[in-house]
Ligand code: SF4
Ligand code: SF4
């Protein structure tokens, strides 16, 4: 007989680990939030959880209890489950303090805004037509001193990255050439190895530019919106003229030398992601990245309704891609599975599909810590998107002292109440800091559009990963589609 009375009522209450429950096309899952483990639920357990969420005194039948123990939500021994993840976040914060004080948080990537000018006038540009409120080309001397600054602020880190950015960086190719030569020479002297990256609209990538980029093994990112209609409408030249016909031959030439160059398309308005991806592939991109324009930054900001519609379309698209990936694995189509993983966000499926997350993320990116940006005048900013925002100016490459970065040593997932309550708090890192500020006005606020998309994406990927069997995963490892986890006990 069950005990009764108020104390016994409390005792009888089922204590479950914090979890997130979701359903995709009739399949219901729970994520154990603290361990980030996902399990599919049978119908009875799913129904029980739905009932328990409105009445925690509801009793579980034995089979449901067993199923909850298997998922890890219910401890075999009472009292072993933490009521929430607060302690864990606090532990993470303390261990991050050590890391943030050491060399691993020193700057290793520096973005040089070599041209705050652009020959295009993209409708969604966040940088005031590439000028970032300033304009001009970076002098060679500023670029050279930026390299010196990076070396002297990189601590013991040997591998350093210089990113050439704009505007359109190839407008200042002579300075890029001199900077690369200088960085390589200084790297040899100072025991550092430099690698280089450029993000370009491809319009100025002539044969000489491509030869130089090839000789210095650049990583190439090409901003290009895929279809003729989208490119001409969203990325016209500065005089308003269409750019598609001018850039496509340049892109093809770049791809013949850099087959792994990434095609970065911005999804804007009613652009259909599937069409954009097909167009990118048609041109020859093997590596594609589709990014929605962030609505909060646009002068013609879309309505909430339009944003929701776009989210739904994007979620549907991602779901179709995930289903295609699972189908390709099931029919043992290596090429198709590998291709689908390369085409955007699906690559995350590998980290979910083959192992749980080991490293809990306190930060979304390296902004203000391992990654900084320098404008044409040598002013330092937390990242390229902050350039020109005087309230986020961190200092200058002329100053020897480390710039004040305490703001960027705080993690949104610890500070923000929204993040602390979110089931993705250990894996998201709190989103893009710039997006958070643009959307909420606070670095530790959140961007609802980002959160919506991130949660949709994670549910889709977890659903796809859960459909892969041990044999499916073995096929992926053996065919080098994804790397085999280092520990045989993983997953
Ligand atoms: S999805 Fe949003 S609320 Fe959740 S952790 Fe990320 S930024 Fe925070
Ligand atoms: S803050 Fe946002 S824009 Fe800046 S580096 Fe991070 S993710 Fe990119």
Scanning the range 437-448 residue by residue, those buried (at least 20 other Cβ atoms within 10 Å of the Cβ) and either in contact (Cβ under 8 Å) with a residue 60 or more places away in the chain or within 14 Å of the chain's Cα centre (by Cα) (or both) turn out to be 439, 447
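Can you confirm whether the range 132-149 contains a residue that is assigned to a strand (DSSP E or B) and in contact with a strand residue (DSSP E or B) (Cβ under 9 Å, 6 or more places away or on another chain)?
Restricting attention to the range 132-149, the residues satisfying the condition of being assigned to a strand (DSSP E or B) are 136-137.
Now narrow it down to the ones that are in contact with a strand residue (DSSP E or B) (Cβ under 9 Å, 6 or more places away or on another chain): 136-137.
Checking the range 132-149: at least one residue is assigned to a strand (DSSP E or B) and in contact with a strand residue (DSSP E or B) (Cβ under 9 Å, 6 or more places away or on another chain).
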query: Could you say whether any residue in the range 179-190 is crowded, with 16+ Cβ neighbours inside 10 Å and assigned to a loop (DSSP other than H, G, I, E, B)?
result: no
Within the range 242-267, residues being surrounded by fewer than 22 Cβ atoms within 10 Å (Cβ to Cβ), modelled with pLDDT under 95 and closer than 24 Å to residue 129 by Cβ number 2
Margin query: Would you confirm, using the coordinates I've provided, whether residue 431 is closer than 17 Å to residue 291 by Cβ, surrounded by 22 or more Cβ atoms within 10 Å (Cβ to Cβ) and in contact (Cβ under 8 Å) with a residue 12 or more places away in the chain?
Written below: yes
Filtering the range 210-230 down to residues that are assigned to a helix (DSSP H, G or I) and touching a strand residue (DSSP E or B) at 6+ places or on another chain (Cβ under 9 Å) yields 213, 230
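The values are calculated or read from the model by the stated rules, or taken from the named source; none is laboratory data. Quantities reported herein were computed from a predicted structural model and do not represent experimental measurements. We place every Cβ from the backbone using ideal geometry, glycine too, and count neighbours over all the protein chains shown.
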